[in-house]
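Working notes for the structure below.
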Amino acid sequence: MSDPQYGAPQGGGQPSYVLPAPASSGSGVKMAILFGAVIALIAANVYLFLQIDTLKQEMTKNRDSILEEVGRVKETSSVTSAAAKRNMDTLKEELEAARRQASMAVGQAKVDATKHAEDLAARLAQQQKASETAMKGQISKVEEAATTANTKIGEVATDVTGVKTDLSNTKSELDKTIASLKTVSGDLGVQSGLIATNGKELQALKALGERNYFEFNLAKTKAPQKVGDIFMQLKKTDNKKNKYTVEITADDKRVEKKDKGVNEPVQFYSSKARQPYEIVVNEVKKDVIVGYLATPKVQTAR
């Protein structure tokens, strides 16, 4: 019969399963955290760069739109102004001729000539007013286009500012969560990495990417249940004392972990990796345990 920790078989003889003495150093954990933070920062910078590039494209598009609108206004104004100027010049010439005629005429002819000159003056004034109104309308269109463009640019700039704020808040929240994580020794005496005591902390661990994580909600059943690449079977729970007993099957070998506590790293070895696997139970209920399995990223046969 094998030792519960996969040690040498009882009764002497050569050990069938040799346990190495792996150790994870504090510097390794710090490097993993630093690596995760660098990856997160790079991703944030890439996202921000894309947002700024979008802003530049929007500004260029709006600028081109304004220039095109101004060009159309200038062209229209030029044609309109030229036509209006010709009309007004004609009216001025007619007005001068009418006034000269009125000054030389006598009697009823003078009255008629004066009236004709007044009509011409009124038409000239009306033409000038219409020209000014048309010009104001074109200027108003340009101003409206510029205002719309500025509004769009402001909206994009606000979006970029919001992205920066969200990234900053997310990074700050992640830093706080990572700072709250704990390092403890597992039940094999091997220094454990960071452990999560709740779902939020587990998400932070996943973000670091140091290990593979498999969440489970394991009920007491007659047959073992698969979690990751191992099988687990819940034997009993004591929810008042937050204790549980579970049987683990890895590499066709079984080991029972008795009376383990909440947030206690339960360690065991697999032939697939040099570092130990870890089970962390965050909650013990009646005939149910909730937690996660952490396995090494590098699967190197022992």
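3J(HN,Hα) couplings calculated from phi for segment 198-211 with the Karplus curve 6.51 cos²θ - 1.76 cosθ + 1.60 (θ = phi - 60°) are, in sequence order, 7, x, 5, 5, 5, 5, 5, 4, 4, 5, 5, x, 6, 9 Hz; Gly and Pro show x. Karplus-based coupling profile of segment 43-59, in residue order and whole Hz: 4, 5, 5, 4, 4, 5, 4, 5, 5, 5, 4, 4, 4, 4, 5, 4, 5, with θ = phi - 60° in 6.51 cos²θ - 1.76 cosθ + 1.60 and x standing for Gly or Pro. Phi angles of segment 246-253 translate, via the Karplus equation with coefficients 6.51, -1.76, 1.60 and θ = phi - 60°, into HN-Hα couplings of 9, 10, 10, 10, 9, 6, 6, 10 Hz per residue; Gly and Pro are given as x. Put simply, when 278-285, 220-227 are sorted by average Cβ atoms within 10 angstrom per residue, most first, you get 278-285, 220-227.
Of Lys241/Lys285; Lys235/Lys260; Lys56/Lys136; Lys85/Lys136, which pairs sit farther than 22 Å apart, going by alpha carbon to alpha carbon? Let's see the in-between values first.
On the way: Lys241/Lys285 10 Å; Lys235/Lys260 12 Å; Lys56/Lys136 31 Å; Lys85/Lys136 16 Å.
In this structure, Lys56/Lys136 exceed 22 Å between Cα atoms.
Suppose the Debye formula is applied to equal point scatterers at every Cα of segment 251-302; what is log10 I(q)/I(0) at q = 0.21, 0.23, 0.32 Å⁻¹? Listed by q, the Debye log ratios stand at -0.82, -0.92, -1.25. At 20 °C and 1.002 mPa s, grab the translational diffusion coefficient of segment 232-271 from Stokes-Einstein with a Kirkwood Rh over Cα pairs, rounded to a whole number in µm² per second. The Stokes-Einstein estimate is 199 µm²/s.
Counting only protein heavy atoms and using a 1.4 Å probe, the accessible area of Tyr269 comes to about 10 Å². With kT/(6 pi eta Rh) evaluated at 4 °C and eta = 1.567 mPa s, and Rh the Kirkwood radius from Cα pairs, segment 188-302 diffuses with a coefficient of 91 µm²/s according to Stokes-Einstein. Once backbone amide H atoms are built at 1.01 Å from N, Asn282 has Asn263, Val290, Gly291, Tyr292 as its partners under 5 Å, excluding neighbours fewer than 5 places away on the same chain. Set against the 2.2 N^0.38 Å expectation for a compact globular protein, segment 48-90 has a Cα radius of gyration ratio of 2.01. Amide H contacts of Gly209: none lie under 5 Å away among residues 5 or more positions distant or on a separate chain (H built 1.01 Å from N in the peptide plane; Pro and chain starts excluded).
The values are calculated or read from the model by the stated rules, or taken from the named source; none is laboratory data. Keep in mind that what you see is a predicted model, and the values were worked out from it rather than measured. Using ideal geometry, Cβ is built from the backbone for each residue, glycine included, and neighbour counts are taken over all protein chains shown. To get the accessible areas, we keep the full protein, side chains included, count just its heavy atoms, and leave off ligands, DNA and RNA. Shrake-Rupley method; radii C 1.70, N 1.55, O 1.52, S 1.80 Å.
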